[in-house]
Amino acid sequence: MGYISKMMLPPTPSAADLLRTYKLPALRRFAQNFLLDPRATSKFVACTGNIENKFVIEVGPGPGGITRQLFEHGAAQVAAIEKDIRLFPALQTLSNAVDSRLRLYLGDILDFDIESVIPDDITGQHGSWESDESSSTSPIHLVGNLPFNIAIPLLIRWLKQVSTRSGPFSFGYRIPITICMQEAVAGRIVSDALMGQRGRLSIIFQNWFDCHVKHVFSGRAFVPAVNVNVAVIQLIPLKRPLVEVNYDLLDKVTRAAFRLRNKKIGNTLASLFHEETRDEDTRELLHRAHLKSDTMCLTLTVEEFGHLAQIYGDIISRPRPIHEQLDQKMNTKELTFELGETYIRPESIK
Ligand code: SAM
């Protein structure tokens, strides 16, 4: 990609004008609440950090209010993935104004392989994930004011990819992610130990990302307005996770721990194990993690949860004297039962 300095776009209709010209009412079906005021879209883009000469992937551009600001802040190219085909003529007007540096893709971001839109000259460079500057020098940024109901599923998809350095994170760059979501949900992601919003999302995201709320919009900033405050949250992959652990294990342990938020950890974690070995497995888990069974889950650090997940993985993957546990089951009609993560079929046992 060639060097592009910050630019004013040639006279182009605003996002609000485009909605009027193309007669595009916001559709509830696509959870459309647009940011149209240039001060608001500029504020959002300022939250992304330095995007000069970067390749930006935008999720759900709508009529292009944020997209336009990305170019005004110096983005070299933008790939925009939008599900609502009605918006493409309006977005094409913007693409024409930036000499086709805006590439448009029709699709559902939840099953779209975004790595396929990254140009070869970027994927071929191979960044160094471990180097200090990697996130600020990442040539790729992920951004979007997207529907609230897809923000968490999408972030979890990207989190899993960060944890395995796959998908768009396979090219060696710690790609910053800047998106909008309800302020309350963002609060759960960034919450520290002992804070009321602390929960599963805090642990899983903070293990792999540096997480910051960069700005909070009033719901009135959107068209149509939404009835909650909306946060712009930025997640930057850490050079190394706080604890090297498999995502599914950490997810499972944190789900169990926070199912009953104000309970003691000994009670909530017991549900991770099969009833026949529950007491001894829970005792071993807590003993090896140096935790007391009456510890409240809200007080645990991300590292402590990471260690719990590592030990849990160790316990459930250990060969076990399964005849002790199967004797009872084999006398019943039950064909399968769950032993930790492993499903054991009686027919496979001689
Ligand atoms: N970013 C624009 C703005 O700020 O004005 C639009 C915001 S609106 C909240 C969300 C946008 O995402 C809409 O344009 C909607 O059509 C699009 N969208 C909804 N679900 C989507 C999905 N699964 N994949 C891609 N785009 C989606």
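The values are calculated or read from the model by the stated rules, or taken from the named source; none is laboratory data. Just so it is clear, the structure is predicted and the values come from calculations on it, not from any experiment. Cβ sites come from the backbone with ideal geometry, for glycine too, and all protein chains shown count toward neighbours.
The table that follows gives values for the structure above.
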read-out	value
Count of region 180-204 residues which are of a type in the set (Asp, Glu) and not in a helix (DSSP H, G or I)	1
First in region 223-250 and in a loop (DSSP other than H, G, I, E, B), second anywhere and aliphatic (A, V, I, L, M) and within 16 Å of the ligand (Cβ to nearest atom), Cβ under 8 Å, 6 or more apart	224/26; 229/216
Residue tally, condition surrounded by fewer than 19 Cβ atoms within 10 Å (Cβ to Cβ) and in contact with a Leu (Cβ under 9 Å, 6 or more places away or on another chain), over region 60-82	1
Selection status of residue 49, near the ligand (Cβ under 7 Å from one of its atoms) and assigned to a loop (DSSP other than H, G, I, E, B)	no
Matching residues, region 64-89, being outside any helix (DSSP H, G or I), more than 9 Å from the ligand (Cβ to nearest atom) and not small (Gly, Ala, Ser)	73, 77, 78
Hey, residue 138 within 20 Å of residue 247 (Cβ to Cβ), among the hydroxyl-bearing types (Ser, Thr, Tyr) and either within 16 Å of the ligand (Cβ to nearest atom) or in the same structural domain as residue 62 (by the TED database) (or both) or not	no
Inter-residue pairs, beta-carbon under 8 Å, first in contact (Cβ under 8 Å) with a residue 60 or more places away in the chain and assigned by the TED database to the domain that holds residue 51 and in region 71-85, second within 15 Å of the ligand (Cβ to nearest atom) and β-branched (Val, Ile, Thr), 6+ apart	71/78; 72/45; 73/45; 73/48; 75/56; 77/56
Any hit, region 257-267, residues being farther than 30 Å from residue 137 by Cα, surrounded by 21 or more Cβ atoms within 10 Å (Cβ to Cβ) and free of Cβ contacts under 8 Å to residues at least 40 places away in the same chain	yes
Residues of region 8-46 satisfying the condition of being part of a loop (DSSP other than H, G, I, E, B) and loosely packed, with under 12 Cβ neighbours inside 10 Å	8, 10, 11, 23, 25, 27
Identity of the residue in region 141-152, part of a helix (DSSP H, G or I) and more than 9 Å from the ligand (Cβ to nearest atom), that ends up farthest from residue 83 (Cα to Cα)	152
Residues of region 55-76 that turn out to be in contact with a Gly (Cβ under 8 Å, 6 or more places away or on another chain) and over 16 Å from residue 18 (Cβ atoms), as a count	2
Test set (1) surrounded by 21 or more Cβ atoms within 10 Å (Cβ to Cβ); (2) assigned to a loop (DSSP other than H, G, I, E, B) - residue 158 fails condition number	(2)
Identity of the residue in region 185-243, charged (D, E, K, R) and out of contact with any helix residue (DSSP H, G or I) (no Cβ under 6 Å at 6 or more places or on another chain), that ends up farthest from residue 253 (Cα to Cα)	220
Test: residue in region 170-179 that is more than 16 Å from the ligand (Cβ to nearest atom), assigned to a helix (DSSP H, G or I), surrounded by fewer than 19 Cβ atoms within 10 Å (Cβ to Cβ) and in contact (Cβ under 8 Å) with a residue 12 or more places away in the chain	yes
